[in-house]
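Here's the structure, in structure tokens; my notes come after.
The values are calculated or read from the model by the stated rules, or taken from the named source; none is laboratory data. Worth saying up front: this structure is predicted, and the values here are computed from it rather than measured. Here the Cβ is made from the backbone with ideal geometry for all residues, glycine too, and neighbour counts use every protein chain on show.
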Amino acid sequence: MTGLEPGVAAGLVLLAVAAGIGITAVGPGGVLVTAGLFALTPLSPAQVAGTALVTNVATGVLGTVVYTRSGQLREPPTRRTAVLLCGGAVAGTPVGVLLNGLVTGRVFGVLLGALVAVTAVLVLARRPGGRGPAVEGPGWPVTAAVGAGVAAGGAMFGVGGPMLCVPLLVALGVPVLSALGAAQAQSVVIAGAGTVGYVAAGAVDWPLAALVGVPELAGVLAGWVIARAVPAAALKGALVVSLLTLAPYVALRG
């Protein structure tokens, strides 16, 4: 897409940086890119989701690398969780792409606004602490089901995996850093498979994907550092405020 006003382009870049930080520092961050593309551009729901998912391929790979480097994805319980999530994502992602094609722009906006608000509540309700060593999470049927459900929602809205997956895993007793690491690996599968589907439908705006994808990658690196150094309460507060501000705007934009 060409011809974006400078203010709109700058707004998308800022949202992309914030999204990258949210992805690796808290989990639910990718929705900021989806919400920005929907609210600030005339893209269709399929183009919004497809363009956002393209950026999640790179952020997911980078997030996986940094959480492997910091040790979380080297721990057997975290690797097990990541494998089960990825297996569920293989089944759930095509369902999400199909569901996206069944909704109108207005319905997509209302659902996206509701998703943003629900995510804010999940982040706010997250239990404190949970940054200790990896522990065995829920059984494989529950983890695989979470992976499939998260993938369907992530592919439908173009939000990848961490946004939905991290709060659910933490609620199931997985330490937050382990949940963040496992969700990064799942995000690669969701974004990769979802991108294939949206590219086949001609629903990816490549210039916009580049515009938001590069600053989002910078945010991913910053978020990984922040997640290990900044108190969780401060991160939660900033993200909750951002999400609750965006939710009504996105819903009304629909």
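Miscellaneous remarks
- In the set (1) under 24 Å from Tyr249 (Cα atoms); (2) in a helix (DSSP H, G or I); (3) at pLDDT 90 or above, Leu102 fails one condition alone, (2).
- Condition met for Leu102 (free of Cβ contacts under 8 Å to residues at least 40 places away in the same chain and not basic (Lys, Arg)): yes
- Single residue of Val188, Val159, Val174 found to be in contact with a Ser or Thr (Cβ under 7 Å, 6 or more places away or on another chain), in a loop (DSSP other than H, G, I, E, B) and more than 23 Å from Gly109 (Cβ to Cβ): Val174
- Only residues that are touching a residue at least 24 places away in the same chain (Cβ under 8 Å) and assigned to a loop (DSSP other than H, G, I, E, B) were counted across segment 11-69, and they come to 8.
- Which listed residue, of Ala35, Ala46, is over 13 Å from the mean Cα position of the chain (by Cα) and either more than 25 Å from Ser242 (Cα to Cα) or not polar (S, T, N, Q) (or both): Ala46
- Applying the set (1) modelled with pLDDT of 85 or more; (2) more than 25 Å from Gly139 (Cβ to Cβ) to Val26 leaves exactly one unmet item: (1).
- Criterion applied to Thr68, Thr93 was being of a type in the set (S, T, N, Q), at pLDDT 85 or above, more than 18 Å from the chain's Cα centre (by Cα) and crowded, with 16+ Cβ neighbours inside 10 Å, and the one residue passing it is Thr68.
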